[in-house]
Amino acid sequence: MPVEEFVAGWISGALGLVLGHPFDTVKVRLQTQTTYRGITDCMVKIYRHESLLGFFKGMSFPIASVAVANSVLFGVYSNTLLLLTATSHQERRAQPPSYTHIFLAGCTGGFLQAYCLAPFDLIKVRLQNQTEPVAQPGSPPPQYQGPVHCAASIFREEGYRGLFRGAWALMLRDTPTVGIYFITYEGLCRQYTPEGQNPSSATVLVAGGFAGIASWVAATPLDVIKSRMQMDGLRRRVYQGVLDCMMSSVRQEGLGVFFRGVTINSARAFPVNAVTFLSYEYLLRWWG
Ligand SMILES: CN(C)C(=N)NCCC[C@H](N)C(=O)O
């Protein structure tokens with residue numbers, strides 16, 4: 001099994017992550033809290049109360065973990081394509097796989113990455129939702145003092161299963177939308193690249209950016225539900241499951257609830273995925 005796709009996926013995931021984390025914090029706050037009037041209001045409040053550091057809450061952990069999930073995503077995607085089409089990454093420009101194979105490989109990668117990602121994403125969301133200023137002397141400490149403390153507290157208070165809260169919604173979110181992600185990327189690269197050649201950097205950036213936007217627009221409804229399920233159980237359980245969370249969110253806030261955070265998700269998705277695909281492609285070309 002070729003491993004360079006896993007390594008390239010990890011490095012490119014880490015680069016994308018640093019760039020996208022401030023957007024991600026604003027998105028999580030908008031999806032789970034009702035105190036903000038919109039993106040600008042949320043950004044101003046975070047900056048005023050928590051300083052610039054507030055935007056980077058919960059980032060150290062994803063660097064080590066979410067980047068690993070990205071490595072699983074790209075590694076599993078590429079190795080599934082290898083199984084389905086018997087072509088390596090280097091051979092795929094000359095013998096392009098069908099869109100069905102790309103979609104299936106993407107869904108497989110999305111499903112497995114969601115499983116690895118679930119506990120880490122939960123911890124990230126819980127830390128991002130702490131609104132206390134960062135390290136103010138004299139003020140009461142936030143509920144979670146860091147990722148390890150957060151993981152230990154969830155385990156103590158909510159048990160092992162508590163660490164997988166929201167995991168079903170995450171898998172439902174990621175399985176089809178990662179298929180969409182790779183189809184959009186490949187489709188755009190093929191459209192703007194002469195047959196048999198590697199796509200240019202500009203093409204990779206644009207195709208990666210739009211792949212991010214297309215997949216995140218499709219993922220946003222379940223992203224909202226996932227974030228809510230992850231915050232559920234903090235003080236008392238509100239939702240019985242994914243369906244119950246969907247129904248009660250719609251009942252209370254209307255259908256628009258499914259599009260909470262769609263603008264910020266898309267704004268984040270373009271640079272993050274442009275950089276992720278560019279670094280991924282170039283790392284593999286250097287090593288190939
Ligand atoms: C819509 N979804 C779940 C995806 N497209 N997932 C693939 C990776 C996305 C990238 N790491 C990011 O954080 O945007």
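The values are calculated or read from the model by the stated rules, or taken from the named source; none is laboratory data. Just so it is clear, the structure is predicted and the values come from calculations on it, not from any experiment. Backbone-built Cβ (ideal geometry, glycine too); neighbour counts: all protein chains shown. For accessibility, only protein heavy atoms count, side chains too; no ligands or nucleic acids. Shrake-Rupley method; radii C 1.70, N 1.55, O 1.52, S 1.80 Å.
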query: Being touching a Cys at 6+ places or on another chain (Cβ under 6 Å), among the basic types (Lys, Arg) and more than 14 Å from the ligand (Cβ to nearest atom), is that true of even one residue in region 249-259?
result: no
- prompt: Which members of region 2-44 meet the condition of being part of a loop (DSSP other than H, G, I, E, B) and among the hydrophobic types (A, V, I, L, M, F, W, C)?
  reply: VAL3
- prompt: Does any residue of region 237-254 turn out to be open to solvent by 20 Å² or more (accessible area, probe 1.4 Å), part of a loop (DSSP other than H, G, I, E, B), farther than 26 Å from ALA67 by Cα and among the aromatic types (Phe, Trp, Tyr)?
  reply: yes
Among the residues listed as ILE123, ILE102, the single one being over 21 Å from GLY212 (Cβ atoms) and buried (at least 16 other Cβ atoms within 10 Å of the Cβ): ILE123
- line: Exactly one of ALA274, ALA267 is assigned to a helix (DSSP H, G or I), within 30 Å of SER12 (Cα to Cα), under 19 Å from the mean Cα position of the chain (by Cα) and modelled with pLDDT of 95 or more, and that residue is ALA274
query: Among the residues of region 255-264, which ones are in contact with a Leu (Cβ under 7 Å, 6 or more places away or on another chain) and assigned to a helix (DSSP H, G or I)?
result: ILE264
- request: State whether the residues of region 171-189 include one that is under 19 Å from HIS101 (Cα atoms) and among the basic types (Lys, Arg).
  value: no
query: In region 38-50, which residues are surrounded by 13 or more Cβ atoms within 10 Å (Cβ to Cβ) and closer than 21 Å to PRO141 by Cβ?
result: LYS45, ILE46, HIS49, GLU50
task: Run down VAL28, VAL18 and say which single residue is closer than 25 Å to ILE180 by Cβ, surrounded by fewer than 18 Cβ atoms within 10 Å (Cβ to Cβ) and either touching a His at 6+ places or on another chain (Cβ under 8 Å) or touching a residue at least 40 places away in the same chain (Cβ under 8 Å) (or both).
output: VAL18
Options THR131, THR80, THR108; residue that is among the β-branched types (Val, Ile, Thr), modelled with pLDDT under 90 and open to solvent by 20 Å² or more (accessible area, probe 1.4 Å): THR131
- prompt: Can you tell me how many residues in region 52-71 are in contact with a Leu (Cβ under 6 Å, 6 or more places away or on another chain), within 13 Å of the ligand (Cβ to nearest atom) and touching a residue at least 60 places away in the same chain (Cβ under 8 Å)?
  reply: 1
